[in-house]
Each structure stands twice: as C-alpha cells, then as structure tokens.
1. At 7 Å along Cα-to-Cβ for each site, give me the label-to-label distance between GLU29 and ASP126 in nm.
2. So, for segment 1-152, what is the accessible surface per residue at a probe of 1.4 Å, expressed in square angstrom?
3. Hey, for a label at SER18 modelled as a point 7 Å past Cα toward Cβ, could you say which residues of segment 60-88 have their backbone N under 11 Å away?
Amino acid sequence: MKLIMENWNKYLSEISDSEIKHFGPAFGELSKNPQLAQDNEWVEENIGPLIGKGAFRRVYQIKNRNDLVFKVANADRRSGHMNWSEKQIFNKFPQWFPKIYLTAEEKGQSINWLIAEKVEVVNNKDDYEQLLIANFPSLLSTIKLIENTIVPLLMKYKKGQPWSHPVKIL
C-alpha cells in the first residue's frame, strides 16, 4: 500500500505536458530540478522579472502572462509554509483569495513555489477602507452601531475623557 501511495503522489506532483505548454517550458525544467527556483538569475531569465519581495518570498511576473505571478519561497522551511498556507486558504475561500493554478510538490506543510493569479495590491489606507466597505457592507453599519452605543458608554466610564479608536468613520 505504501508503494502505491508513493507512486500516486509522484504522479500527482509531476507537471503535465499541457501544464508545461500553458505556463511555459521553464516549469517543466523546474519540475525536474526544483532547486532552480532558488536561482534568481535563472528565474528572471526563464520565467520573468522580479516584481516584489518580502520576508518570506519573492514574486516574479510570468513572461507573456500579465494575469499570473510566480511566488518562490526563500530557502528556509518557514518560507515554504507561507506558500502552503496561501494554497490552503485559497482552497477554503476561493471567492476571497487569489486563485492558485500550479504548485511545486508539497513537502509536509511546505511548498517551494506556486503560480497564482495576479492581484492589485492596495497600499493606501483610504482605498483599503473603501474596499472593505464595498465588500463587507455590514461593516459600516457595525462601526456606526459601535460609535453610537459603545463609545458613549466608554465616555461615561472614563468620566468625560475622549476615547480614541482606530476606526475612521466614513
């Protein structure tokens, strides 16, 4: 039974010819040699330019695919967990998170790289608040309810001292 499962997992982790054709030949090479994902020069030459990086991952724009990005975990295991978590969250809440199209083989709770839907990054606080209100309309009424009921109680409790709260009322 163990041998059957190992063979099945190997089959599932291989990238198909149609996936290679769709995403590009570099992903076939990555399938055969996963360490190439850690070679920044190889990735930029074969997959696309670096467009961002953080503490755990680097993000590349996939050549000829403005709708997709390639996210590579840094060499430590904790970074691979970020890719694994992103895949799990997408699977659980696909309507709220970027689509994950293809990933490297899972090793425990770690994934070396993934191909994801490119999304617009919101860096501005006002834009972020508008996005929240547009997608969660009840949030505004909840904020107003808190402001109209709880804030006055806090004002009484603090004997007239103004209470500062982090939520800006729109």
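The values are calculated or read from the model by the stated rules, or taken from the named source; none is laboratory data. Computed from a predicted model, the values in this text were never measured in an experiment. Neighbour counts are summed over all protein chains in view; Cβ atoms, including those assigned to glycine, are modelled from backbone coordinates with ideal geometry. Quick note on the areas: whole protein, heavy atoms, side chains included, nothing else; ligands and nucleic acids left out. Shrake-Rupley method; radii C 1.70, N 1.55, O 1.52, S 1.80 Å.
1. Here the modelled spin labels are 4.6 nm apart.
2. 68 Å²
3. From segment 60-88, the list is empty.
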